[in-house]
Amino acid sequence: MRIAIVLGALVLTAAPTLAANTPMPTDPMPSKADQQAAVQRVAAVGVPIYRAGNQKRYVALTFDDGPGPGTDTVMDEMRRYGFHATFFTNGKNFATWPETLKRAARDHSLGDHTWSHHHMPGLPVPQQISQVATSVAASERITGTPVMLFRSPYGASTGAVQNWLTQKRMLQVMWTQDSRDSLGAPWTEILRRSEQFITPGSIILLHENRGQTAKAVNRLLPEIRRRGFKAVTVPELLALNPPDLAQVRSDAGARAGTRTVRQ
């Protein structure tokens with residue numbers, strides 16, 4: 001009998017909005033080595049992460065399903081504000097957008113999102129692992145950058161995938177807040193839901209290749225800065241706002257927004 005873990009957003013209460021025009025934090029950005037160490041510290045726990053610590057005013061914007069026609073536009077907007085993002089990419093897109101993939105690896109952070117965006121619990125275990133391993137290998141070959149992060153399509157993972165990730169010292173990243181852009185939400189709702197979690201350590205789920213998302217992001221980025229926050233990559237977030245490992249276990253164990261189904 002195979003256990004499939006279907007993962008969703010952690011249910012949290014958004015913190016009160018800070019006063020406008022609060023200065024952004026000025027910590028030096030962690031080195032690549034420090035970022036890798038921060039990721040591996042959490043990955044060793046062997047469960048997905050939903051949020052980082054709550055010490056400082058950093059958030060992570062994460063974008064799924066690229067690279068694609070909107071990825072460079074989002075990166076251009078992030079650069080305007082001095083922000084960084086994390087892009088969870090599908091290997092099937094690499095041949096069409098190799099230069100965009102390289103730019104994302106160079107200027108931001110990459111995570112894997114499988115080769116072809118299948119619902120993982122519906123695949124035999126060997127195909128589940130192949131979906132991840134093939135995409136990771138292709139990304140590393142094209143960019144020359146190790147892939148440390150993974151997010152399963154639809155937030156639906158399995159025990160077999162989690163075990164493989166743990167062996168590879170990769171971290172499965174979920175989210176604190178789903179913008180619902182993948183469900184066809186209008187930009188006003190995407191923006192409202194994202195703004196609710198401009199809170200320390202939040203991880204926000206977005207999809208950059210949707211027109212409504214682009215409209216929301218254009219308004220979200222100045223609001224992040226106005227509130228005195230800074231958008232950083234997931235590895236940067238974990239180094240700057242390291243989560244308590246007991247919190248990581250508790251978030252996963254509580255299965256808030258998650259359910260386990262048997263196949």
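Here is how the number arises for the chain: DSSP H runs of 4 or more residues each give -39500 (n - 2.57), the sum is divided by the residue count, and the result at 222 nm is -12000 deg cm²/dmol.
Taking the average, over residues, of other Cβ atoms within 10 Å as the packing measure, peptides 62-75, 92-105 rank 62-75, 92-105 from highest down. Here the mean projected area of the convex hull built on the C-alpha positions of segment 125-263 is 10.0 nm². Helix 32-43 and the longest principal axis of the Cα set of the chain meet at an angle near 60°. Tell me the angle of helix 125-143 to the major Cα principal axis of the chain, expressed in degrees between 0 and 90 and rounded to the nearest ten. Computed tilt is about 50 degrees. Within the shell of other residues whose beta carbon sits under 9 angstrom from the beta carbon of Gly70, the net charge comes to -1, with Lys and Arg scored +1 and Asp and Glu -1.
The order of the peptides 236-243, 138-145 by mean Cβ neighbours within 10 Å, most packed first, is 236-243, 138-145.
Phi angles across segment 234-242 convert, under the Karplus curve 6.51 cos²θ - 1.76 cosθ + 1.60 with θ = phi - 60°, into 3J(HN,Hα) values of 4, x, 5, 4, 5, 7, 7, 10, x Hz, Gly and Pro given as x. Placing R0 at 30 angstrom, the Cβ-Cβ distance between Gln127 and Tyr81 gives a FRET efficiency of 0.15 after rounding to 0.05.
Classify segment 39-83: rounded, prolate or oblate, from the alpha-carbon gyration tensor (a ≥ b ≥ c, eigenvalue square roots; a/c under 1.5 rounded; otherwise prolate if a/b is larger than b/c)? Since a/c reaches 1.5 but b/c is at least a/b, the shape of segment 39-83 is classed as oblate.
For segment 177-216, just say rounded, prolate or oblate: build the C-alpha gyration tensor, square-root its eigenvalues into a ≥ b ≥ c, call rounded for a/c under 1.5, and beyond that prolate if a/b exceeds b/c, oblate if not. Taking the square roots of the gyration eigenvalues as a ≥ b ≥ c, segment 177-216 is prolate.
Taking amide hydrogens as placed 1.01 Å from N in the peptide plane, the amide H of Ser179 sits under 5 Å from those of Leu205, each at least 5 positions away in sequence or on another chain. Take 167-179, 151-163 and order them by the average number of nearby Cβ atoms within 10 Å per residue, most first; the result is 167-179, 151-163. Hydrodynamic estimate: the Kirkwood radius of segment 40-130 over Cα pairs, inserted into Stokes-Einstein at 20 °C and 1.002 mPa s, corresponds to D of 144 µm²/s.
Where a number appears in this text, it was derived from the coordinates with a stated rule and is not lab data. In this text the structure is predicted, and so the values were computed from the model without any measurement. We place every Cβ from the backbone using ideal geometry, glycine too, and count neighbours over all the protein chains shown.
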